[in-house]
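Only the coordinates and a few stated rules stand behind these numbers; no lab work does. All values reported here derive from a predicted model rather than from experimental measurement. Heads up, the Cβs are rebuilt from the backbone with ideal geometry, glycines too, and the neighbour counts pull from every protein chain shown.
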Amino acid sequence: MPTTETVMAAQSEYFEEDSVAPAAPAGALPDTAAAIVPADSIAGRALLAVIAIMTFLAALTVGAVVLVRSAAGEWQSEVAREVTIQVRPVEGRDIEAAVQKAAALAQATPGIGSVRPYTKEESAKLLEPWLGSGLALDELPVPRLIVVRVGGAPDLAALRRQLGEQVPGASLDDHRGFVDRMRAMARSAVVAGLGVLALVVAATILSVMFATHGAMASNRPIVEVLHVVGARESFIAGEFQRHFMLLGLKGGALGGGAAIALFALARLMSGWLGGTADSEMSVLFGRLAVGPEGYGAVAGLIVLIAAVTTLTSRLTVRRTLKSME
């Protein structure tokens with residue numbers, strides 16, 4: 001327990017007696033009183049840096065999740081608009097006639113927009129990334145492809161059945177397996193992003209708890225005196241809460257702002273270097289633009305970090321004050 005001298009010293013430091021001024025409400029400090037927690041300290045700057053780094057990493061994760069989901073959605077939408085008919089060579093049959101027959105069946109199906117058979121040269125060119133160029137593929141059973149653009153809701157089951165009955169060696173692929181894998185990948189990316197975000201929030205909570213305990217320990221005599229002279233717990237907790245809320249907002253704004261700047265730079269650089277059709281990065285992820293959804297998610301993350309910091313400090317202070325009773 002603090003001594004009488006300590007109580008008198010704290011009272012003289014925080015309460016200015018003025019016979020003219022109206023009495024302050026119970027548990028409140030005058031406007032001229034200094035803050036319980038110093039606004040600028042080494043521990044505060046260290047916590048600010050930790051929050052900024054955590055927010056930056058979390059924002060990068062959120063941006064990556066948004067980018068993957070957007071790219072997966074575009075791929076699924078694009079793939080769903082096309083089906084592929086594959087005509088394999090059958091001994092004793094004219095493959096050119098089989099290709100024309102399969103294309104005619106597809107074109108006659110209601111809901112089909114366009115049909116484009118690949119020539120022999122185009123089919124062989126598709127194998128160049130694996131077999132190289134300049135190879136004689138005449139002796140190889142290279143299948144011929146027909147790209148069918150879907151314009152409505154065709155009966156693909158009926159078309160598949162007709163191809164099997166009338167065109168030997170023909171098969172129809174609606175890419176359903178690929179679309180399912182893309183959906184699974186997008187879900188996995190979201191789950192992984194949420195996991196990383198949960199780890200960041202947990203690390204932020206622990207950091208704020210340790211920082212709050214440290215601030216309480218360094219200012220324990222003042223807190224005890226205020227507690228003894230009748231200051232409400234809500235007032236003392238509010239002082240710490242306000243301090244750490246500002247740290248959370250500043251750190252979140254620094255980390256989130258750095259992530260937004262990085263996203264904007266990546267978008268700009270992709271326009272300079274990766275915007276061509278031959279760019280693999282452009283094919284996979286477009287122009288690396290997270291869009292309004294990504295920027296909105298980062299802004300929400302900044303608010304979340306500030307809220308977590310505020311709530312954690314308040315609960316920690318209240319639990320510490322109860323231990324003083």
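Determine, for each peptide in 234-245, 162-173, 110-121, the mean count of other beta carbons within 10 angstrom over its residues, then list the peptides with the highest first.
On the way: 234-245: 20.0, 162-173: 17.3, 110-121: 14.1.
Ranked from most to least packed, the peptides come out as 234-245, 162-173, 110-121.
Classify segment 72-118 as rounded, prolate or oblate from the Cα gyration tensor: take a ≥ b ≥ c as the square roots of its eigenvalues, call it rounded if a/c is under 1.5, otherwise prolate when a/b beats b/c and oblate if not. Before the final figure, lay out each step's value.
Values: a/c = 3.92, a/b = 1.89, b/c = 2.08.
It is oblate, given that a/c is not under 1.5 and a/b is not larger than b/c.
Could you pull the Cα extents of segment 89-168 along its three principal axes, largest to smallest, in whole Å?
Ordered largest first, segment 89-168 gives principal extents of 40, 28, 16 Å.
Along segment 242-255, what does the Karplus equation 6.51 cos²θ - 1.76 cosθ + 1.60 (θ = phi - 60°) give for ³J(HN,Hα), rounded to whole Hz, x for Gly and Pro?
Using θ = phi - 60°, the values come out as 5, 4, 6, 5, 5, 4, x, 5, 5, x, x, 5, 5, x Hz.
Grab the beta carbon distance between L262 and L311, set R0 = 22 Å, and tell me the FRET efficiency rounded to 0.05. Don't jump to the answer; show the numbers that get you there.
Values: r = 28 Å, r/R0 = 1.29.
Step by step, r from the Cβ atoms, then E = 0.20.
Which stretch or stretches of segment 45-65 have amide N atoms under 14 Å from the point lying 7 Å from L199's Cα along the Cα→Cβ direction?
Only 54-55, 57-62 pass the distance filter.
Working out 0.36 nm times the residue gap between K250 and A49, then minus their Cα-Cα distance, what length gain in nm do you get to one decimal?
Working it through step by step, the gained length comes to 71.4 nm.
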